[in-house]
1. How high is the relative contact order of the range A:64-182? Use alpha-carbon pairs under 8 Å, at least six apart in sequence, and give a whole percent.
2. Let me spell out the model: positive unit charges on the Cβ of Lys and Arg, negative unit charges on the Cβ of Asp and Glu, origin at the Cα centre of the range B:103-208. What dipole size does that give, in debye rounded to 20?
3. Would you mind working out the accessible area per residue for the protein assembly as shown, using a 1.4 Å probe, and quoting it in Å²?
4. Picking from B:Ala142, B:Ile82, A:Thr42, whose Cα lies most toward the positive end of the charge dipole for the protein assembly as shown (charges on Cβ: Lys, Arg +1; Asp, Glu -1)?
5. With a sphere of radius 14 Å drawn around the Cβ of B:Ala34, what net charge do the other residues whose Cβ falls strictly inside it have (Lys, Arg +1; Asp, Glu -1)?
6. Between A:Glu90 and A:Arg139, with labels modelled 7 Å along Cα→Cβ, what's the label distance in nm to one decimal, could you check?
7. With a 1.4 Å probe, what is the total accessible area buried between chains B and A, in Å² rounded to the nearest 100?
8. How much net charge surrounds A:Leu136 when only the other residues with a Cβ under 12 Å from the Cβ of A:Leu136 are counted, with Lys and Arg +1 and Asp and Glu -1?
2 protein chains.
Amino acid sequence: MTAADDMTCEDVPWGEVSPEAARKLLIAAVEAFAERGYHATTTRDIAGRAGMSPAALYIHYKTKEELLHRISRIGHDRALRILSVAAEREGTPGERLAGAVSSFVRWHAGRHDTARVVQYELDALSPEHRTEIVELRRRSDAVIRGILRDGVESGDFDVPDVPGTTLAVLSLCVDVARWFNTRGHRTPDEVGELYAGLVLRMVSARSSSGDGRD
Amino acid sequence: MTAADDMTCEDVPWGEVSPEAARKLLIAAVEAFAERGYHATTTRDIAGRAGMSPAALYIHYKTKEELLHRISRIGHDRALRILSVAAEREGTPGERLAGAVSSFVRWHAGRHDTARVVQYELDALSPEHRTEIVELRRRSDAVIRGILRDGVESGDFDVPDVPGTTLAVLSLCVDVARWFNTRGHRTPDEVGELYAGLVLRMVSARSSSGDGRD
DNA sequence: TCAAGCGCTAAGCGCTTGCTCACCCGTGAG
DNA sequence: CTCACGGGTGAGCAAGCGCTTAGCGCTTGA
């Protein structure tokens, strides 16, 4: 095992995908899926983008769907980890929520091609793979819901409908992957900051007095 | 012209599509596109759902893409009208924004199959059709942005980044079409009310004092 | 009564799709 | 040098795709 083999994760975008040809194919697939969608993408297109023949794909992946599954799995793991790390930091619920939202959004904007595939091509997965991925989503949901609950308990937040608001917050963040960079002159950091501010206002208790009934 | 011919629009969901067979096919297409996506749907599937042979589709529509365009056009017109009507009602900016968001969301939830096709299958359209539809979206954007501007001017709202917040509000509303009814026990009205409340909190100025510079 | 015309179908065309298979070539151990 | 072997290619298969066409039966106006 060389030093290069060891430095595979976290640093390089798709470092966890180990034969270089397999990684090139996967990156090409992310590009193509993000651009055209899973069903509109052909295996020839993917192989072509990777500079290989159509048959090369099947040396490293059993089917086209397996490629999508690998992308989806790795992407969801990454998104969930980003959310969890931010949520587990020390601080007030407000600080934790702002951190979670800004970093989650930053990822969805900065890696919007990956995020688009991960978030919007779920239905193209086989039933077994789909349920596996849905479980990861449920955990993302639990992270946000946890912060909201903490904030309500501490009195920092005023959230009448915690599950519904959780859904809205996640939906808001995820949808960044759809529109980002189609228009924009904004950086991922700017969008992250903007969204963190908006979400905080959505849930924060009015600072002055306020007994909750009006 | 009979009375039945006259009562074609607004009341019945797809009343503006006039030969009954064409309407049946279009409704079948909405179902199929919403369920599987445009590219994963076959013309045989659409015709089958409508109880007709595959060839019947081509009597009423020149191509499969024309079907998508018709759905997209009618759907966007409807969504834009709902937004505009709500925005032009009398009232404070807050009331107008709440009305616009709640009715827009109610439509996206209640007709989530149509909305999903309309909002998420844009890329499957031909370039010309796509630009036509994008123009309609720009108008939706202008409606929301207008209300926000009014609210900022009147002092009801405190929105540092009006274009960014407009984008966020629309994104939030539109994404309802993606998740609604996959889980939920919520009614469209409930989601509309919830979202109107969340959006109002996102943009409202803190009531006590505040001279606007900080 | 009957021919015209319209809505619809059965059959199928040409093409593309996901995927396979026989073979090739550079590398490294014996 | 030889030869096995893993990563790669060119050609192509079966199936399914969007779409077309010849023709059928029902309605309709003269």
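The values are calculated or read from the model by the stated rules, or taken from the named source; none is laboratory data. Everything quoted here is computed from the prediction, not taken from an experiment. Because the Cβ atoms are built from the backbone with ideal geometry, glycine has one as well, and the counts that use them run over all protein chains shown. Accessible surface is based on the protein model in full, side chains and every heavy atom, while ligands, DNA and RNA are left aside. Shrake-Rupley method; radii C 1.70, N 1.55, O 1.52, S 1.80 Å.
1. Details: 112 pairs, mean separation 41.7, N = 119.
In percent, rounded to a whole number, it is 35.
2. Details: 14 positive and 16 negative charges, 47 e Å.
The calculation lands at about 220 debye.
3. Each residue of the protein assembly as shown exposes 49 Å² on average to a 1.4 Å probe.
4. The one lying farthest along the dipole's positive direction is A:Thr42.
5. Numbers: positive: B:Arg36, B:Arg49, B:Arg111, B:Arg116, B:Arg178; negative: A:Asp123, B:Glu31, B:Glu35, B:Asp45, B:Asp113, B:Glu121.
Residues near B:Ala34 contribute -1 overall.
6. Roughly 2.6 nm, to one decimal.
7. 3000
8. Numbers: positive: A:Arg73, A:Arg78, A:Arg81, A:Arg130, A:Arg137, A:Arg138, A:Arg139; negative: A:Asp77, A:Glu132, A:Glu135, A:Asp141.
Summing Lys and Arg as +1 and Asp and Glu as -1 gives +3.
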